[in-house]
Amino acid sequence: MEPVKYIWMDGELVDWDKATLHVLSHTLHYGTGVFEGIRAYETEQGPAIFRLDDHMRRLVRGAAAYNIPVNFSAEDLSKAAREVVSSNGLESCYIRPLLFLGTGSMGLNPVGAQPHAMIAAWRWGKYLGDAGFNEGITVGVSSWRRIHQSSLIPDAKATGPYLNSVLALLEANAAGFDEAILLNMEGYIAEGSGENLFAASDGILYTPPSHSGALTGITRDSVFRLLTDDGYEIRETNLSRSDIYYADEAFFTGTAAEVTPIREIDRRAIGTGQPGPITRRTQELFMDAVTGKLDAYRDWLDYA
Ligand code: PMP
């Protein structure tokens, strides 16, 4: 990772190297934090942050769900994110906000631990590599199941629960796959370790419903609108492992992964084993929308 000049912490910009915290911070021990992943894209009008307010609203909502106190509103955090992008002179970047608890309590009950907020940004290319974006990636179904709503809150991006994604990704990589697919406790597809999943069969798109345990992704929602407006039918439905085996096409969506084609699952080629026309169209629409080339979706962009 290439450092930039400033990181925003608790209301001010501090030097990248000075953005540090105490080892007795509550979040470091118990995973009591929430975070976001946001991207800014280079456009003709300068850097544009994609669906910034939606990301910040999800962040603050997740903190509330886990009873993590926050000293800033979603609007304050959006303003701070714009400041991080502009003060660092970034044209395009990945933005990482984190709400966390510092010192003041070492018991499980975090009352007394100081709430903090930070936003960092750095230049980040294709999450699953240029080749992955262009030619597709391989995935394996994980032996780890997606966290269940009876134990945690799958729809909040909390730090501790991400160990579930880390376990699945490490297992997949060790087995030679680029990414993992996690099933839910009922055995239906939930999502990737950091992406939502879409499959296409006979021209119709399918994606697991939000109650599958998948995060309600902002890229997923954007792709939903882009494809629906483009005339495609999308059905939210439970998907089994074999539904993906039989699909003509499959792809992941996520802020980091954008729209990444899946060419192989469990060492079985999906369709022709190459990104198909619906996947290509989705990539094209999404990349055009985020870079301000589609007038109809300009309200998704927030100029830094
Ligand atoms: N699922 C998980 C587990 C994720 O971490 C992410 C990335 N935030 C996504 C799905 C995709 O969500 P989004 O499109 O909002 O980035």
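The values are calculated or read from the model by the stated rules, or taken from the named source; none is laboratory data. Every value quoted in this text rests on a predicted model; they were computed, and no experiment measured them. Note that we place each Cβ from the backbone using ideal geometry, even for glycine, and neighbour counts take in every protein chain shown. These accessible areas exclude ligands, DNA and RNA; they are computed on the full protein's heavy atoms, side chains included. Shrake-Rupley method; radii C 1.70, N 1.55, O 1.52, S 1.80 Å.
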Discussion item. Take A175 and W122, extend 7 Å from each Cα along the Cα→Cβ direction, and tell me the distance between the two endpoints in nm.
Written reply: 2.9
Practice prompt. Rank by packing, highest mean first: peptides 87-93, 247-253, 180-186, with packing defined as the count of other Cβ atoms within 10 Å averaged across residues.
Written response: 247-253, 180-186, 87-93
Worksheet item: How big is Rg to Rh over the chain, alpha-carbon atoms, Rh as the Kirkwood inverse-mean-distance radius?
Response: 0.97
Worksheet item: Using the heavy atoms of the protein chains alone and a 1.4 angstrom probe, what is the accessible area of the range 8-113 per residue in square angstrom?
Response: 47
Item to complete: When a/c is below 1.5 the answer is rounded, else prolate if a/b is larger than b/c, else oblate, so apply that to the range 105-174 with a ≥ b ≥ c taken from the square roots of the Cα gyration tensor eigenvalues.
Response: oblate
Worksheet item: Taking the inverse of the average 1/r across all pairs of different Cα atoms in the range 1-110, what Kirkwood radius in Å do you get?
Response: 14.9
Worksheet item: What Kirkwood radius, in Å to one decimal, follows from the Cα pairs of the range 23-172?
Response: 17.0
Worksheet item: How many angstrom separate the Cα center of the range 267-294 from the Cα center of the range 133-190?
Response: 22
Worksheet entry | Largest-first ellipsoid semi-axes for the range 161-236, taking √(5λ) over the Cα gyration tensor eigenvalues, angstrom | 25, 13, 12
Worksheet item: How far is the Cα center of the range 75-122 from the Cα center of the range 55-73, in Å?
Response: 11
Worksheet item: Given the options Q274, Q283, Q45, which has the most mean-square fluctuation in a GNM of the chain, springs set between C-alpha atoms less than 10 angstrom apart?
Response: Q45
Item to complete: Please sort by residue number the chymotrypsin sites (Phe, Trp or Tyr not before Pro) in the range 62-161 whose DSSP state is loop and whose Cβ has at most 16 other Cβ atoms within 10 Å.
Response: W124
Worksheet item: For labels at R267 and D221 in the simple 7 Å Cα→Cβ model, what's the distance in nm?
Response: 4.0
Worksheet, complete the sentence: Rounded to the nearest 10, the angle in degrees between the Cα long axis of helix 163-174 and the longest principal axis of the Cα atoms of the chain comes to 50
Fill in: Eligible lysines near K18 by straight Cα distance, threshold 16 Å, same-chain separation 8 or greater
K5
Worksheet item: Who wins for biggest fluctuation among I262, I147, I234 in a Gaussian network model of the chain, springs between alpha carbons below 10 Å?
Response: I234
Response to the item:
Expressed as a percent, the portion of alpha-carbon pairs in the range 1-58 spaced more than 14 Å apart is 73
Fill in: Relative contact order of the chain, pairs being alpha-carbon contacts under 8 Å that are 6 or more residues apart, as %
20
Worksheet item: Mind listing which GluC sites (Glu not before Pro) in the range 1-73 are in a DSSP loop and have 12 or fewer other Cβ atoms within 10 Å?
Response: E44
